[in-house]
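See below for the structure under consideration.
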Amino acid sequence: MAVVATRSQANRRPRFGIVTVKGFGDAVDRNRARRRLRAALEDVEAPALGMDMIVTARAAARTVPFADLRDDVRATLGRLGK
């Protein structure tokens with residue numbers, strides 16, 4: 001996955017947008033990747049207040065074991081806090 005983050009209004013909870021592209025596969029594959037990423041984002045601690053993020057799914061988001069996906073999300077969001 002790729003994450004683009006920007007500051008938003010102070011003290012507003014973090015917001016996430018999840019993006020998949022048409023070349024990713026059919027609608028079923030794109031929706032599966034979005035659902036899995038949304039679930040992984042719910043499992044990890046949210047970054048600081050005042051952040052808006054666009055998460056772009058990669059093809060592996062459909063098939064990688066969920067624990068690995070969650071760990072990748074946690075590591076990626078952890079780098080944003082630094």
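The values are calculated or read from the model by the stated rules, or taken from the named source; none is laboratory data. The model shown is predicted, which means the values in this text are computed figures rather than measured ones. Quick reminder, even Gly has a Cβ in these numbers, built from the backbone with ideal geometry, and neighbours come from all protein chains shown.
Show the residue pairs that are 6+ apart or on different chains and have beta-carbon atoms under 8 Å apart, the first residue being within the stretch 24-37 and surrounded by 12 or more Cβ atoms within 10 Å (Cβ to Cβ), the second being part of a helix (DSSP H, G or I) and of a type in the set (Phe, Trp, Tyr).
Arg30/Phe24; Ala33/Phe24; Arg36/Phe66
Given the condition β-branched (Val, Ile, Thr) and within 10 Å of the chain's Cα centre (by Cα), answer yes or no: does some residue in the stretch 31-45 qualify? Full working, then the answer.
Step one: filter the stretch 31-45 for residues β-branched (Val, Ile, Thr), giving 44.
Right, trim to within 10 Å of the chain's Cα centre (by Cα) and you get none.
Among the residues of the stretch 31-45, not one is β-branched (Val, Ile, Thr) and within 10 Å of the chain's Cα centre (by Cα), which makes the answer no.
Going by what's in this entry, would Leu49 be described as outside any strand (DSSP E or B), of a type in the set (A, V, I, L, M), on the phi < 0 side of the Ramachandran plot and modelled with pLDDT of 85 or more? Talk me through it step by step, then tell me what you get.
Numbers: outside any strand (DSSP E or B): yes; of a type in the set (A, V, I, L, M): yes; on the phi < 0 side of the Ramachandran plot: yes; modelled with pLDDT of 85 or more: no.
Judged against the criteria, Leu49 is not a match.
With the condition kept exactly as written, say whether any residue in the stretch 19-30 is closer than 13 Å to Leu77 by Cβ and under 10 Å from the mean Cα position of the chain (by Cα). Steps first, answer last, please.
The initial filter retains those residues of the stretch 19-30 that are closer than 13 Å to Leu77 by Cβ, namely none.
Among the residues of the stretch 19-30, not one is closer than 13 Å to Leu77 by Cβ and under 10 Å from the mean Cα position of the chain (by Cα), which makes the answer no.
Quick check: anything in the stretch 2-19 without any contact (Cβ under 8 Å) to a residue 40 or more places away in the chain, assigned to a loop (DSSP other than H, G, I, E, B) and surrounded by 16 or more Cβ atoms within 10 Å (Cβ to Cβ)? First the steps, then the outcome.
Of the stretch 2-19, the ones without any contact (Cβ under 8 Å) to a residue 40 or more places away in the chain are 11-19.
Imposing the further condition that a residue be assigned to a loop (DSSP other than H, G, I, E, B) reduces the set to 11-14.
Cutting the leftovers down to surrounded by 16 or more Cβ atoms within 10 Å (Cβ to Cβ) gives us 14.
Yes, the stretch 2-19 contains at least one residue that is without any contact (Cβ under 8 Å) to a residue 40 or more places away in the chain, assigned to a loop (DSSP other than H, G, I, E, B) and surrounded by 16 or more Cβ atoms within 10 Å (Cβ to Cβ).
Out of the stretch 38-72, which residues are among the hydroxyl-bearing types (Ser, Thr, Tyr) and without any contact (Cβ under 8 Å) to a residue 40 or more places away in the chain?
Going residue by residue through the stretch 38-72, those that are among the hydroxyl-bearing types (Ser, Thr, Tyr) are 56, 63.
The answer is Thr63, and nothing else.
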